[in-house]
Each structure stands twice: as structure tokens, then as C-alpha cells.
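Working notes, beginning with the structure itself.
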Amino acid sequence: MTSKAIRFEIIEGMRQKYPLRWLLKFAEVSRAGYYKWRKRVSDPTARIQEERLLERHIMAIHRLHPYFGYLRMKVALKREGLHVNHKRVYRLMKKLDIRSVIRKKRRFFGKQVSVVYPNRLERLFSAEAPLLKLVTDITYIRVGEQFAYLSAILDLYNNEIVAWQLAERNDLALVTKTVDALSERADLTGVLLHSDQGFQYTSNAYNRKLEKLGVIGSHSRRGNCYDNACIESFFSHLKTEKIYLVRPQTMSELEQAVEEYVSFYNNERFQKKLNDRSPVEYRETVAA
């Protein structure tokens, strides 16, 4: 079907000969949409200002979520009250030279058995005590011209980062080391651990690890980032408040930056959800 913009142009050229309501009905467009288009093309200054506003919003969202493609960018703009066609978002992102960096997916050949847990967390991002509900995920971080991967586990009781690991490879070893690091400090029997359906988290080896530790597994619905929003929020804060400022060039620099930020986040960064206390302050205050 011809695009709406072209149909509006045709209506504009024919409206002197035919009633507007006929043309709108024939073109299957709304009167409001037509007048909105007419106002936009008749006032190029307003169009330019609107484009610049959208570009600023897109750049701001991209800094927080550099992994957003044009479809997720469209949703993010909508959540800010900006209803933009996905084709326009694609065009503006291309103009701004914005590309999403997507976690690399490893291809597997042959029949692969995987374990997918039900979504036991169901977006109930709170807990009545420490180490009852945990969420985990992996994010990429640029190191010089390469990428490193950070695996982290967050406690939903107080949003505290209770374990993390860095690696140059996004693989099963990264997530198992993260779980092991926490299990060495705490008994995880009966603890709920929620993740997305990445290949590491659905592998038989990961499932056996959880069973051995007595951990209850939980998975997000496929392709639904909001099911694990808390850990995504932490990664966003880490990048904007530390990584993008120091721009580590080596793994040792990155490890130092992550260690410093996790310490700051856990011990000093107050959160409204925690009555303006840091995660550790909140945990210690409640326990006192």
C-alpha cells in the first residue's frame, strides 16, 4: 500500500476538485492525520525542530541503552510520550550513526537439550529478607577496541550486588563462576535465582549446578527484557556513572572500575526505594 505521506500529497493535489471527506475515505486516512501532515510540511522550521528534539531523545536513550535497536528505541520513545513510526526511528538512528551492540549468540549445531524454568519471579521485584530472591544477567563492556563481559547477581531485598565476575568470553564458565563465588559465602538452599533464557542459563550444566546448590531456577519469558529489569537498571547505572567516564582500555583497568563502582553502589549510592539508604545501609539498619 502507498505510504500515508504520499496519500496525503495526493489528497492535497485533488482537494480543490473533490470534497475532502471523500478523499480521506478513499485514501483510508484520518482527518486529524491529514491536517497534522499539512501543518508539518507547510512549516519546515517546526519540522526541523521536531527532528532535532527526537534526535536528542534518541541520543540520550542510546547513551543509557547502547544495545537498543530501532524497534526497542521506538518503544523507549513511546514510554517518554513520543509516538514515532519505526521507519522514522530507523532513519534517524542511521543519520546519527547509532547501531545497537548485541550480545553475540553462539550457534549450536545438532540437537541441543536445554532447560527452561517457569517465570517464578513474575516481576515481583521485592523480597522480605536477604538471599531469598536473586536476579542475574550478563552485559558487554567496551575495553579499548574489544569487548569484555560482566556477569552479576543482584539481591532483590536491597538491590545489593552480591556477586560478579568479568571475562573476555561470554560463556557458561562466566555464569557458573559467578554462582560459585556467591555459594562460597552463603548457603543458597531454597534461594530463587532468576535470569533470561540465554544459552548459558538454559544449559544442562547450569541446571545441574543449581540443583546441586539447592537453588530454585526461574527464567524470563523469551524476548521480554522487562522481566529482568532490576539487573538491567544496575548495568545502566554502572555504565553511565563509571564506565563511560573512565573508558577503561585494559582488563585490569576495567576490573578496577567495576570493583570501585560495585563498592560505591552497595555502600554509598542511596536509593529512593530504600528510604534514601544505600543497599548495605538498608540491610544493616533493618537487621539492627
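Any read-out appearing in this document is the output of simple, stated calculations on the displayed coordinates, not a laboratory observation. Quick caveat: nothing in here was measured; it's all calculated off a predicted structure. Cβ: placed from backbone, ideal geometry, glycine included. Neighbour counts: every protein chain shown.
Observations, loosely collected:
- Listed pairs LYS4/LYS36; LYS25/LYS78; LYS133/LYS242; LYS17/LYS87; LYS87/LYS242 exceeding 23 Å between Cα atoms: LYS25/LYS78; LYS133/LYS242; LYS17/LYS87; LYS87/LYS242
- For segment 125-223, GluC sites (Glu not before Pro) are listed when DSSP marks them as loop and at most 16 other Cβ atoms sit within 10 Å of their Cβ; the list is GLU128, GLU145, GLU168, GLU184.
- Seen against the Cα atoms of the chain and their longest principal axis, helix 86-95 is set at about 80 degrees.
- With contacts taken as Cα pairs under 8 Å at a separation of at least 6 residues, the chain carries a relative contact order of 14 percent.
- A full extension of the chain between ARG222 and ARG247 corresponds to an added length of 5.8 nm, given 0.36 nm per residue minus the alpha carbon distance.
- Cα-based helix-to-principal-axis angle, 70-79 vs the chain, degrees rounded to 10: 90 degrees
- Residues LYS94, LYS74, LYS4, sorted so that the one with the fewest Cβ neighbours within 10 Å comes first: LYS94, LYS4, LYS74
- Taking amide H atoms as placed 1.01 Å from N in the peptide plane, the amide H of TYR117 lies under 5 Å from those of HIS219, each 5 or more residues away in sequence or on another chain.
- Sorted by Cβ density within 10 Å, fewest first, the residues ASP171, ASP155, ASP97: ASP97, ASP171, ASP155
- Whether segment 48-101 is rounded, prolate or oblate, judged on the alpha carbon gyration tensor where a/c under 1.5 counts as rounded: rounded
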